[in-house]
Structure formats: C-alpha cells, structure tokens
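Readers should treat all values here as calculations from the given coordinates under stated rules, not as data from a laboratory. Computed from a predicted model, the values in this text were never measured in an experiment. Positions of Cβ are generated from backbone atoms using ideal geometry, with glycine treated the same way; all protein chains shown enter the neighbour counts.
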Amino acid sequence: MGITRFFNKVFRSLFGKRGSVKLGLYGPPNSGKTTLANRICVDWLGEEMGSVSPIPHETREVHIKEQICIKNGDKELLFNLVDTPGIATKIDYEDFMRAGLAESKAKRRAKEATKGVIDSIKWLDEVDTVLVVLDATQDPYSQVNVTIIGNLAARDIPVLLVANKVDLKKASMKRIKSAFPQYEVVGVSAKYGKHTDAFYSALFKLTGG
C-alpha cells in the first residue's frame, strides 16, 4: 500500500468520511466509462462530464468532477469522480485510421492515448475506490481486463464491477461474474439509465455509506 493511501485511510478512520472519496472509473476503451460518468453527473448534478465517441480512446486525459453528492434514503455519499482514459496493452495508430482518422491525426491520437494509459495507472495510487466498467457484450477474459483487476487487487483497492450495455442482446453478466467471482457485479445501461438504482445502492455498500 502506498504511503499516501495509508495516510488517507488512517485519516478517514480517525475523522470519519467528511472528506470526499476519490472514485475512479477504469476499464478498457469503449466500455462506457465516460457514458457512466455522464449518467452519474446528470443524475446528481444536472450536467454531463465529458464527450463520448465510437472511436476508441476518446478520453485521453484524466477528468475530475468534484463534490458529487448522491443520496440513498437518509444517507449521503460525497465523492470526487475521476474518469480515466481506457486501459490498453497495445495502441496502434493504424487502428485509428481504420476508424476513419487521417494518418497525422491517428498518430497524434495514438501518442495521446499512450500517455493517457500511463496517467491512468499513476492515478491508481490516488483513488480510494474503483468502478471497473466492462462491456457486457464482450468476452471478459481479456489481457486488458485481467491486467486492470490484477493491479487493483495488488493495491487492495475496493472494487465494484459494472457490466455496462446490458440493454444489448449479446450482453451477459454471467460471463463477467464467472471471470471475476471475487467481486460484486452490477448490470447497467449507462446510455439509457437502466438499473441505476441498483448501481447506486451497490456503490453505497462498497464505500460503506
């Protein structure tokens, strides 16, 4: 455990959770992290957090929305939301060209995306709790997902797996639960706001709210 995380935990244990929890959104590109971030911000702040795109690595910098307060009955949870760039084990500018970008823009996007991945990993030492957003239509047994989960487990960070895009026919929460049985999994459609009540309840449970 990093020294910063250690003192944060000690501080919260001594003085309670008056300070804001840093809630990190992690996952592979295009899993719906920013869509979920926008859903949370719209639900509780009335405004979106960032832009989304079908092109991978639309989010290439860490974005923070501070002082989000969500309620569950008579309980409140105050946190700063940290939306991180998608984690990838390989970034190739040709993939961006296949997505429709010109070569020069594709190379710039690849460079920015690589930096974004590095920043995401660095931020693991700053966040208190993590939502790992996975595309429920995709095979969860990927090198990227295993790498993310492994890094979180090594740092002993509380984790909630969010199976996104459950509105689609190919979605399967069962696959994700089978891949990572040690974590709770909650299914949502961040785009359409489905099952958000269960998601917020799970978030309260995870943070001890």
Alpha-carbon centroid distance for the pair region 148-193 / region 104-136, whole angstrom: 18 Å
Using +1 on the beta carbon of Lys and Arg, -1 on that of Asp and Glu, and nothing else charged, what's the dipole of region 20-207 about the Cα centre, debye to 20? 540 debye
Descending packing, highest mean Cβ count within 10 Å first, for 121-127, 98-104, 31-37 is 31-37, 121-127, 98-104
Mean Cβ neighbour count within 10 Å, used as a protection proxy, ranking 178-184, 38-44 highest first: 38-44, 178-184
Can you report the principal axis dimensions of region 20-207 using only the alpha carbons, biggest first, rounded to whole angstrom? 53, 34, 33
How far is it, in nm, from the label point at Asn151 to the one at Glu126 when both lie 7 Å from their Cα along the line to the Cβ? 1.4 nm
What nm value, rounded to one decimal, do you get for the distance between Lys75 and Glu112 when each label is placed 7 Å out toward the C-beta? 3.9 nm
Multiplying the sequence separation of Glu184 and Asp197 by 0.36 nm and subtracting their Cα-Cα distance, what value in nm do you get? 3.1 nm
Extension length gain for Ala102 and Glu66 (0.36 nm per residue less Cα distance), in nm, is 9.4 nm
